[in-house]
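Laboratory data are not the source of any read-out in this text; all were calculated from the coordinates shown. Since we're looking at a predicted model, the values are computed, not measured. Glycine gets a Cβ as well: all are built from the backbone with ideal geometry, and neighbour counts include every protein chain shown.
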Amino acid sequence: MSSPIASAVSRRSEPPALAPERPVEWPKRTTRVLGNGLHVVLAEARTFPRISANLYFRSGNAIVAHRAPGLADMTATVVRTGTASRPSRRIEEDLRRMGASLGTHAGADSSSIAAVGLAESSSGILELIADLARNASFPDEEFERERRQRFEELRIERTTPGFLAGERLRRVLFGKHPYAVVAPTEDQVAAYTRDELAEFYRHHYIPGDSLLIVVGDFAADAMLDQVEKTFGDWKAPQPEPPMSPEPPKPSGRRVHLVRMPGNVQTQVLVGNLAITRRDPDWYRIVLANSIYGGAFNSRLVMNIREQKGYTYSPRSGVTPLRQHGYFSVSAAVRNEVVAATLTEMFYEMDRMRSVPVPADELESARNYLTGVFSLGVATQDGLIGQLSTVYLDQLPEGYLESYREHVRALSAEDVLEVARRHFDSANAQIVVVGDREQIIDQAALFGPVTEYDASGNIVPPRPLDVMEA
Amino acid sequence: MNSSPSKSARTTASPKSASHLHIPVEHTTLANGLRVVVSPDHSAPVVTVGVYYQIGFRLEPRGRSGFAHLFEHMMFQGSENAGKMEHIKLINSSGGLLNGTTNYDVTNYFESVPSNALERVLWLEADRMRALKVDDENLRNQRDVVKEEVRVNVLNQPYGGFAWLDLPPVAFRNWPNAHNFYGDFADLDAATLADVQQFFRTYYAPNNAVLLMLGDLDPAEAFALAKRYFEDIPPGAPPPRADVTELPQTEERHGEVQERLGPLPAIAIGYTMPPRESEDWFAAGLIDRILHGGRAGRVYRKLVLEEQIAVDIDGGADLIESNGPTQMVTRIYHKPEFTSEGTVAVFDEIIEDLQRNPVTLEELDPVKVKFRSDFYSMLETGMGSHMPRFGLMHFLACFTLFDGDPHRINTILDGFLAVTPAHVQAAARRYLVPQNRAVLFRKPVNLPAPANSLVGKGGAR
């Protein structure tokens with residue numbers, strides 16, 4: 001038997017240099033604001049005979065968090081279950097007939113109705129989206145069924161370590177700001193009324209300042225006519241956006257432990273407030289994040305995964321919501337190495353803040369960001385994602401075209417400065433989710449500990465902690 | 001080889017006719033047995049490259065559960081000219097993304113990069129096909145990483161591993177089909193460096209693999225590069241194939257496992273699928289979508305919308321990517337106030353209806369439209385929006401390795417779109433029967449009070 005290992009001649013070889021770069025040509029965009037204020041963005045992407053159409057409204061869960069957390073979510077869920085002319089079953093059958101899938105969602109800052117399907121069904125897909133946006137009927141029985149499902153989903157979320165960690169971090173970072181709430185309680189869901197849903201819909205599913213993005217296999221002129229025909233006569237008044245209280249400014253690290261007895265692994269999540277995409281530091285923080293823990297080839301992954309084997313899934317990221325953004329670092333680790341993991345997370349943050357990034361690492365990270373950005377142009381889903389970012393966050397018109405140039409211009413000094421401003425290791429908030437008995441002593445090394453149960457209630461500290469407090 | 005001038009995958013479909021894809025595909029075989037498949041598309045300056053080896057967790061050595069997957073991790077730990085982390089560093093610093101996955105019958109390694117990095121990617125993939133250079137420390141490190149992977153995906157997640165890990169041991173009797181694919185920790189601990197090199201020699205030879213290159217490339221150049229970097233890698237002996245045959249099943253199989261975290265009882269129902277590319281196999285593809293196609297699918301409609309027994313259902317069958325016994329699996333998460341036995345009885349009414357009454361064209365035709373649409377979506381992405389054409393690559397690899405013909409990508413849909421109501425009924429009668437299925441209950445350790453105690457008729461507490 002011939003063996004590749006034995007018979008291959010050992011030859012030193014170097015990786016080939018990169019060939020000259022091919023220019024990235026962004027698909028031609030057609031933008032138009034309809035008479036009713038609806039912003040329309042069309043981009044042709046004709047490799048496969050599909051289209052994706054997403055309609056976004058600029059209101060989500062944050063706008064109602066003070067009175068009915070999750071109401072935007074429940075509204076979006078029930079929107080797909082009936083219109084004046086189509087009962088639920090008809091909607092689902094129409095979708096199948098058009099080879100389409102539908103998603104209706106709400107995030108913190110927006111609500112959306114999105115469909116993908118066959119290009120040959122474009123007009124039917126747009127008409128269905130318009131029907132859901134304009135004529136949803138909120139049938140009582142569908143609402144009650146969805147409400148019950150929401151209870152069960154909430155209960156499953158409350159057994160998911162990643163969800164509990166994220167929920168707790170948002171609470172401690174945002175305080176009284178609406179972004180603090182990522183999910184309602186069961187009581188809050190029980191209190192929703194059909195009229196509240198319909199009212200949210202009436203006020204926020206409106207054309208003014210909303211956004212329709214269509215990407216796919218079509219000719220832009222014909223598609224624009226179709227959009228005008230389907231959405232042009234839609235009129236609704238536009239409400240004033242409310243003001244939100246500022247998030248707190250924490251001083252000092254604090255530890256927030258969410259108890260999940262018997263868990264065989266601890267979810268670690270560390271974070272601090274940072275910036276939005278509209279901040280001049282945005283490109284810098286994206287680059288710093290990719291060097292720190294945002295890429296496979298990053299310091300955090302190299303350290304706690306590839307050298308130490310603490311975790312499968314370390315990562316860091318910047319989450320830019322509309323009013324505020326935050327930086328966070330996460331890893332699910334075995335219970336014995338919670339303190340060791342936190343030590344390395346902070347060590348790597350402090351290294352970013354104190355030592356300039358070497359030239360080759362900087363070059364590598366810039367290439368990573370510019371390359372991955374171009375990968376996003378090659379699928380319809382990627383394009384929708386990039387375009388919605390630009391228009392929902394109201395970024396400059398040339399954002400996509402100039403992104404790679406901005407990234408290429410960044411220096412080691414830029415990375416150092418932005419890390420000092422926004423990797424706030426001294427005041428970072430630490431969340432650990434797991435088996436208290438196995439991790440409390442390790443967690444307490446990093447700051448005063450507050451404990452919670454999986455429902456989010458503060459659990460009274462044990463007598464020893466009271467004496468120390 | 002044939003070549004097509006078309007720039008992209010256009011179809012000539014009308015809504016009612018079978019569609020004809022024209023995805024340009026060319027292929028060749030190098031002197032060492034490595035198959036090479038290319039599919040050009042110049043719509044964006046990026047390429048996706050994959051190397052698929054015909055070894056998956058079904059084929060891993062007995063008593064070494066989880067080894068195929070652990071080994072996949074080792075392929076990132078260093079090769080002759082690229083040390084630990086250099087694979088990842090070289091791809092990321094070229095502006096690309098990479099990953100690998102272990103499946104039933106194949107293990108793949110893939111990269112999406114700007115097209116100017118194509119040659120560099122080929123150099124890397126050739127380097128690790130030629131020789132793996134790893135040590136005990138790498139193995140210890142990745143064993144730890146894999147254990148955390150199992151914890152984060154299975155042991156510490158509600159419904160982790162449901163049902164891809166739970167159901168095979170109930171459904172099948174032959175070890176290759178029926179063992180723990182992620183691996184028992186004891187088996188992972190028992191793996192040695194010698195095992196790693198032996199596995200590499202046995203299964204990672206060029207004649208047991210296919211190289212795929214898709215996107216912004218010139219086929220002639222791509223073939224020349226493949227030849228340059230791969231052709232002098234020596235072939236190996238044809239690797240042994242595990243016998244994956246299952247003895248005929250005579251009665252329904254049952255199993256039960258505990259759910260430590262999640263609050264809802266869950267059920268998995270699996271039917272073993274017909275042989276690859278048989279008439280019943282195509283019909284089964286449509287049956288899957290009749291039953292599971294979203295909210296219009298019969299199972300969701302009945303169990304979630306009409307009877308309101310279930311909170312959620314999903315289901316599917318990985319037909320194209322399986323080269324051995326595989327099941328169509330329905331997963332049902334039901335309300336605690338219903339029994340799992342009673343829920344299965346209602347599910348059975350759906351199956352009986354499919355056997356008793358031919359599906360109408362009014363239902364079947366839209367199911368086919370959706371099938372076609374989903375197929376295109378799968379080809380375009382399939383693994384997130386930043387791995388262009390991953391799904392196309394995946395199917396091309398399976399058609400090459402299992403059927404010897406990547407061009408099936410352009411004709412496979414025709415088989416599904418030609419299925420008639422009579423085919424559906426016949427296949428349902430032959431395959432959706434108790435002696436061809438397994439039923440698994442996943443029972444919560446702590447059943448909560450039913451949630452409807454919260455909500456009275458008026459919806460308030």
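What is the set of long-range amide H partners of B:S79 at a cut-off below 5 Å, with H atoms built 1.01 Å from backbone N?
B:K133
Pull up the DSSP beta bridges for region A:254-468 and report the antiparallel fraction as a percent, rounded to 5.
70
Provide a whole-number value for the mean count of partner chain Cβ atoms within 10 Å of the Cβ atoms in peptide B:231-237.
What the average comes to for B:231-237 is 4.
How large is ³J(HN,Hα) for each residue in region B:44-61, as worked out from phi by the Karplus curve 6.51 cos²θ - 1.76 cosθ + 1.60 (θ = phi - 60°), to whole Hz, x for Gly and Pro?
With the stated coefficients, region B:44-61 comes to 8, x, 9, 10, 10, 10, x, 10, 10, 9, 7, 8, x, 5, 5, 9, 5, x Hz.
Kirkwood Rh, Cα Rg: Rg to Rh for region A:337-422?
Ratio of gyration radius to Kirkwood radius for region A:337-422: 1.08.
As a test of the formula, what do you get for chain B when each DSSP H run with n ≥ 4 contributes -39,500 (n - 2.57) and the sum is divided by the residue count, at 222 nm and rounded to the nearest 500 deg cm²/dmol?
-10500 deg cm²/dmol
Percent relative contact order of region B:253-445, based on C-alpha pairs within less than 8 angstrom and at least six residues apart?
39
Dipole size in debye (nearest 20) for chain B around its Cα centre, Lys and Arg Cβ +1, Asp and Glu Cβ -1?
Approximately 540 debye in magnitude.
Between B:A186 and B:E137, with labels modelled 7 Å along Cα→Cβ, what's the label distance in nm to one decimal, could you check?
According to this spin-label approximation, the distance is 3.1 nm.
Of all chymotrypsin sites (Phe, Trp or Tyr not before Pro) in region A:312-415, which ones are in loop regions per DSSP and have a Cβ with at most 15 other Cβ atoms within 10 Å?
none
In the structure displayed, which of A:K176/A:K308; B:K89/B:K370; B:K133/B:K227; A:K229/B:K302; B:K147/B:K443; A:K229/B:K368 lie more than 32 Å apart, Cα to Cα?
A:K176/A:K308; B:K89/B:K370; A:K229/B:K302
Over the Cα atoms of region B:253-445, compute the convex hull volume and normalise it per residue, giving Å³.
Expressed per residue, the convex hull around the Cα atoms of region B:253-445 is 130 Å³.
Using only DSSP helix segments of four residues or longer, with each worth -39500 (n - 2.57), what per-residue ellipticity at 222 nm results for chain A after dividing by its residue count and rounding to 500?
After summing the helix terms and dividing by residue count, I get -12000 deg cm²/dmol.
Determine how many Å³ per residue the convex hull of the Cα atoms of region A:254-468 encloses.
So the per-residue hull volume is 140 Å³.
I'd like the mean, over residues of A:161-168, of how many other protein chain beta carbons sit within 10 Å of each residue's own Cβ.
Mean partner shielding for this stretch: 1.
Once Lys and Arg get +1 and Asp and Glu get -1 on their Cβ, which of A:Q438, A:M345, A:G262 lies farthest toward the positive end of the dipole of region A:254-468?
A:G262
Working only with C-alpha atoms, what are the Rg and Dmax values of region A:29-231, expressed in angstrom?
Expressed in Å, the Cα Rg and Dmax of region A:29-231 come to 17.8, 50.
Can you tell me the alpha carbon radius of gyration of the protein assembly as shown divided by the globular rule-of-thumb value 2.2 N^0.38 Å?
0.93
Can you find, among B:L261, B:G315, B:L392, the residue sitting farthest towards the positive end of the charge dipole of region B:253-445, where Lys and Arg contribute +1 and Asp and Glu -1 at Cβ?
About the Cα centre, the residue reaching furthest to the positive side is B:L261.
How far apart, in nm, are the 7 Å Cα→Cβ label points at A:T193 and A:D393?
My value for the distance between the label points is 3.9 nm.
Relative contact order of chain B: what whole-number percent is it, with Cα pairs under 8 angstrom and at least 6 residues apart?
Contact order relative to length: 21 percent.
Given R₀ = 35 Å, FRET efficiency for B:D403-B:R430 by Cβ-Cβ distance, to 0.05?
For R0 = 35 Å, the calculated efficiency reads 0.95.
Is there a quick way to get the dipole size of the protein assembly as shown? I mean about its Cα centre, with the Cβ of Lys and Arg at +1 and of Asp and Glu at -1; what is the value in debye to the nearest 20?
560
List the equivalent ellipsoid semi-axes of chain B in whole Å, largest first, each obtained as the square root of 5λ for an eigenvalue λ of the Cα gyration tensor.
39, 29, 21
Grab the beta carbon distance between A:S85 and B:T250, set R0 = 45 Å, and tell me the FRET efficiency rounded to 0.05.
0.30
Between beta-carbons, use under 14 Å as the cut-off and find the net charge around B:A296, counting Lys and Arg +1, Asp and Glu -1.
Surrounding charge for B:A296 is +3.
Determine, for A:D360, B:D403, the number of other Cβ atoms within 10 Å of each Cβ, and report the residues in order from fewest to most.
Lowest to highest Cβ neighbour count: A:D360, B:D403.
Using only Cα atoms, locate the centre of region B:271-297 and the centre of region B:133-168, then give the distance between them in Å, rounded to an integer.
The two parts, judged by their Cα centres, are 31 Å apart.
Give me a single rounded figure for A:35-46: the average over its residues of other chain Cβ atoms within 10 Å of their Cβ.
Whole-number average of other-chain Cβ neighbours for A:35-46 is 1.
Using only alpha carbon positions, build the gyration tensor of chain A, then give the equivalent ellipsoid semi-axes as the square roots of 5 times its eigenvalues, largest first, whole angstrom.
Over the Cα atoms of chain A, the semi-axes work out to 39, 33, 22 Å.
How many angstrom separate the Cα center of region B:350-397 from the Cα center of region A:88-105?
15
Apply the Karplus curve 6.51 cos²θ - 1.76 cosθ + 1.60, θ = phi - 60°, to the phi angles in region A:106-118 and return the couplings in whole Hz, x for Gly and Pro.
My calculation for region A:106-118 gives 9, x, 5, 10, 8, 10, 8, 10, 10, 9, 10, x, 6 Hz in order.
Among A:333-340, A:69-76, B:289-296, B:133-140, how do they line up by average Cβ neighbours within 10 Å per residue, starting with the highest?
Output ranking for A:333-340, A:69-76, B:289-296, B:133-140: A:69-76, B:289-296, A:333-340, B:133-140.
Report the relative contact order of region B:26-230, percent, no decimals, based on alpha-carbon pairs under 8 angstrom and at least 6 residues apart.
This gives 40 percent for region B:26-230.
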